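Following: one structure in structure tokens, then a few remarks.
No value in this document is a laboratory result; all are computed from the given coordinates. It should be emphasised that the depicted structure is a prediction, and the values quoted were computed from it without experimental measurement. Note that each Cβ is placed from the backbone with ideal geometry, even for glycine, and that neighbours are counted across all protein chains shown.
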Amino acid sequence: VPERGIDLIEKGQEVDIEIPAINDKPIKGKLIYVGDVVNPETRTVTVRSELNNVKGEIKPDMLVSMLVQSRPISKLSVPVKSIVREEDKDHVFVQIAPNKYRLREVTVGDDYQGMVAIVNGVEPGEIVVSEGAFHLNNERKRKELE
């Protein structure tokens, strides 16, 4: 497992294991071991799973893919289209008063299905422009030129 997500993985979690040499159907398994050492060459942590091999089809050292459903975590996120790139930095427009918005620098995290996590720069409850941020930024730049 890549080191980046290891904090979300724990012993006992269910996994879906795919073994292309046998079939394309996922086999249900369970994590029985999560290593505590990161391999410095691959930046991965060893995990082991337990699964049913009644037919004896699964052999040692077969290539497998494992999908681990990690526990959900809550993150502040906004639509990807809310992000405005300005001077090689990420920004969003935050509402400061009715119909007034200010461009604010943010630190973004992972993105998934059109949403991006905001690591720093916006607090929960603040209103962020989610539609038209690109046009709002163009209007801001136009006013600066006047």
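Compute the long axis of helix 133-145 from its Cα atoms, compare it with the longest principal axis of the Cα atoms of the chain, and write down the angle in degrees, 0 to 90, nearest 10.
For 133-145 against the chain, the angle is about 30 degrees.
Longest exposed-loop-site-free stretch of the chain, with trypsin sites (Lys or Arg not before Pro), DSSP loop and at most 12 other Cβ within 10 Å?
For trypsin sites (Lys or Arg not before Pro) (loop position, at most 12 other Cβ atoms within 10 Å), the longest site-free span of the chain is 56-146.
In this model, which of K11/K55; K11/K75; K28/K55; K25/K75; K100/K143 are farther than 21 Å apart at the alpha-carbon?
With Cα atoms farther than 21 Å apart: K11/K55; K11/K75; K25/K75.
Pop the C-beta distance of E123 and Q69 into the FRET formula with R0 = 35 Å and round what comes out to the nearest 0.05.
It comes out at approximately 0.75.
Does the range 1-43 come out rounded, prolate or oblate by the C-alpha gyration tensor, with a ≥ b ≥ c the root eigenvalues, rounded set by a/c under 1.5 and, if not, prolate when a/b is larger than b/c and oblate if not?
Cα axes put the range 1-43 in the oblate bin.
Going through the range 7-90, which GluC sites (Glu not before Pro) have at most 11 other Cβ atoms within 10 Å and a DSSP loop state?
Here the GluC sites (Glu not before Pro) that fit, given the DSSP loop and packing criteria, are E41, E87.
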